[in-house]
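**Student:** Sharing a structure, written as structure tokens. Questions coming.
Throughout, read-outs are computed from the coordinates displayed, never taken from laboratory work. Computed from a prediction, not measured in an experiment: that's the story for all the values here. No Cβ is skipped: glycine too gets one built from the backbone with ideal geometry, and neighbour counts run over all protein chains shown.
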Amino acid sequence: MHPDLFTINDFTIHSYNFFITLGLFFGSILFLYETKRRGHSFWTGMDIYLWAVVGTFVGGKFIYILLDFKKLPLIFSSPEIILSISSTMLGALMGALFAVTIYCRLKSLDPWLWSDFYAPSIPLAQAFARIGCFCAGCCYGFPTKLPIGIVFTESNIAPLNIPLHPTQIYQMGLKFLIFLFLFFRRDRATFRGELILTYIFLYVIARNTVSIFRHSTHITGPFGAIPPSTIISAVVTMFAVFFYYKIRTKNKITNDPIKITGS
């Protein structure tokens, strides 16, 4: 694939960073459109989105480092190296939701309402990010003899010159389908928080389905070797189920969802 898009003098635009930025851009457009459509302040929406972006960066890096302690001494010796360290999608998601919740609590806003506004933007941004993964060769799949196998000839991450499952494309397609489902579901939600919790359930299902074909590191525990993403997914799902049953009656929408106000 093409890990680098182009280089000007000593400045290189990497495909991975470019498509993540592109995903954040289109995600912000959708979120701000939804904010205005529901009759809320554009600038409140902008603040929330910026908090979410910071949470995405911090959460994604934090979970990645947590799963790979070998990177910790490097960060202490050269803090700037954190910019080049990869992120985890689950960590980015948790960081974004945590940041949005903090902002909403500080401003006395309903975090469930605003998370629902934000929900369709997440899989849209992630779909673009997976294009970056595909270009860079990260998140690659197991070797395959199927005709859909992808051969990487330029990558510092993926094995070269052997057909691999295009797990990045699998994930991109599933994220786009999740986006479409949430987008057309957003005016039919029955309680505040339904969309974001539905996204979490669908994300975990999609992520662990693709894990069948994806190469990843494993953690050895009492149940054998388990991918870290499976452990994190299980924890996230338990929290999502808890909140689903806790708020679905409390936050029930009795009027047209478009008329609901939260700021």
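**Student:** Separation between the Phe201 and Phe142 pseudo-spin-labels, each 7 Å from Cα along Cα→Cβ, expressed in nm?
**Tutor:** 2.9
**Student:** Here is a follow-up. Sorted by packing (mean other beta-carbon atoms within 10 Å per residue), highest first, where do 90-100, 200-210 land?
**Tutor:** The packing order, highest mean first, is 90-100, 200-210.
**Student:** Could you check the spin-label model distance between Met46 and Val151? Points 7 Å from the Cα along Cα→Cβ, value in nm.
**Tutor:** 5.0
**Student:** Given labels modelled 7 Å from the Cα in the Cβ direction, how far is it in nm from Phe11 to His215?
**Tutor:** Calculated label separation equals 3.4 nm.
**Student:** When a/c reaches 1.5 or more, the comparison of a/b and b/c decides; with that in mind, is region 3-66 rounded, prolate or oblate per its Cα gyration tensor?
**Tutor:** Oblate is the answer for region 3-66, as a/c is 1.5 or above yet b/c matches or exceeds a/b.
**Student:** Turning to a different aspect of this structure: How would you order 107-118, 29-40 from highest to lowest mean count of nearby Cβ atoms within 10 Å?
**Tutor:** Ranked from most to least packed, the peptides come out as 107-118, 29-40.
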